[in-house]
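Q: The structure follows.
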Amino acid sequence: MSLLATVAFSQQKADIIASYQESWRDWQSDTLKTVGMTLLANNNESKYFNDLSLWSDSLSSTPDGKAQLQQIIMAACMTQHPDGSISVDLRKGPVKRVDTYVFSNLADATITCYDNFAGELSCYTEPMDEMQWEIGDSSRVVLGYECMQATTDYHGRRWTAWFAPEIPVFFGPWKLHGLPGLILEAVADNGISYQATGIEPTERTITPMYSSDSYQRVDRKRALADEEHYRNNMEAMVRARYGATVKFENITERPKYDAQRYAAEPDYAE
């Protein structure tokens, strides 16, 4: 049993940590948005997440930690003015803004995604075999690594990726996986992209999802369809839940959410 325990523990240690810039077009403003993300990976599993979100969720997983997080946020965001009034600007503090976590596991050939869909914390699991690549002849250098090009059709998008055979890791950013080398760049046919900005060895642990029992199990396509409906009917749905007297500030007329233009996985709308 001690040997099995040692093996299980060793599989939770990452071999590499990679940072990525994730870019997409915001549906409300139709402008390009970016966020920094992190990948922890070894030969068997990976975890893709936002560092600030991981820090926030780790603290929030215990009562004491949650209280500490609230104190940190208030200290950073609260301003006392000369007249004695107090204002709070959450943009100044370490406030979680990214809900996405992606866990990939070769042992059971699954991908598990945790996110916020239609205002609810939700998760789903899908098989890895839905992503099949065709490796091309093109190459380019990314972060000093010679990378090969590959393409795949996945959940309604055509993806082009660049992977580094020199880094024998099966994974990449987001759900992207299945190539004989770490994926350092990827772009979808609607412009969503992932660009590696740094890679280094690590012994950091691939920790499980914090507060996983707070997430309800959902169907992927159903969750994405619900999220689209929520985005296009947000004010009405919030008023239906909390009362017609709810007021919204700084709300401008938004375009209708278009899955074919903005969604990473538009197959739910087919």
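What follows is calculated from the coordinates using simple rules that are stated; it is not laboratory data. This structure is a prediction, so every number in the text was calculated from the model and none was measured. With ideal geometry, Cβ positions are generated from the backbone for all residues, glycine too; neighbour counts draw on all protein chains shown.
Q: Mean separation of Cα pairs under 8 Å and 6+ residues apart, divided by the residue count of region 1-142: what relative contact order is that in percent?
A: 15
Q: Further question: Using the Cα centre as the reference, give the magnitude of the dipole from point charges on the C-beta atoms of the chain (Lys, Arg: +1; Asp, Glu: -1; all else neutral), rounded to the nearest 20 debye.
A: 740
Q: Which value in nm describes the separation of the simple spin-label points at I17 and D267, placed 7 Å from the Cα toward the beta carbon?
A: Placing both labels 7 Å along Cα→Cβ, they lie 3.3 nm apart.
Q: Along the charge dipole of the chain, pointing to its positive end and built from +1/-1 on Cβ of Lys, Arg, Asp and Glu, which listed residue (Y230, M78, L176) has its Cα farthest out?
A: M78
Q: Using +1 on the beta carbon of Lys and Arg, -1 on that of Asp and Glu, and nothing else charged, what's the dipole of region 51-97 about the Cα centre, debye to 20?
A: Roughly 120 debye, rounded to the nearest 20.
Q: Is the C-alpha gyration tensor of region 115-238 telling us rounded, prolate or oblate? Criteria: a/c under 1.5 is rounded; beyond that, a/b larger than b/c is prolate, otherwise oblate.
A: Prolate is the answer for region 115-238, as a/c is 1.5 or above and a/b outweighs b/c.
Q: How much length is gained if the chain between A225 and Q71 is pulled fully straight, taking 0.36 nm per residue apart and subtracting their Cα-Cα distance, in nm to one decimal?
A: 51.8 nm
Q: A follow-up question, please. Of all the stretches in the chain, which is the longest one without any exposed loop site, taking trypsin sites (Lys or Arg not before Pro) in a DSSP loop (any state but H, G, I, E, B) with at most 13 other Cβ atoms within 10 Å?
A: 98-246
Q: Further question: Let me have the relative contact order for region 66-223, percent, based on Cα pairs under 8 Å that are six or more residues apart.
A: 15
Q: In addition: For region 94-144, rounded, prolate or oblate, judged on the Cα gyration tensor with a ≥ b ≥ c (square roots of eigenvalues), a/c < 1.5 rounded, else prolate if a/b > b/c?
A: Oblate, since a/c reaches 1.5 and b/c is not below a/b.
Q: Moving on to the next point. Hey, how many Å between the Cα centroid of region 70-114 and the Cα centroid of region 169-224?
A: Cα centroid of region 70-114 versus Cα centroid of region 169-224: 20 Å apart.
Q: What do you get when you divide the Cα radius of gyration of region 66-108 by 2.2 N^0.38 Å, with N the number of residues?
A: 1.87
Q: Take the Cα atoms of region 1-150, find their three principal axes, and give me the spread along each one in whole Å, biggest first.
A: 66, 49, 34
Q: Oh, and also: Work the Kirkwood hydrodynamic radius out for the chain: mean of 1/r over every pair of different alpha-carbon atoms, inverted, in Å.
A: 20.6
Q: In percent, how large is the relative contact order of region 51-97, given Cα pairs closer than 8 Å and 6 or more residues apart?
A: 37
Q: Kindly write out, for region 98-104 in residue order, the coupling ³J(HN,Hα) from the Karplus curve 6.51 cos²θ - 1.76 cosθ + 1.60 (θ = phi - 60°), rounded to whole Hz, with x marking Gly and Pro.
A: Per-residue couplings from phi come out as 10, 9, 7, 10, 10, 10, 10 Hz.
Q: Find how much the distance from S212 to A107 grows on full extension, using 0.36 nm per residue of separation minus their present alpha carbon separation; answer in nm with one decimal.
A: Extra length available between S212 and A107 comes to 35.8 nm.
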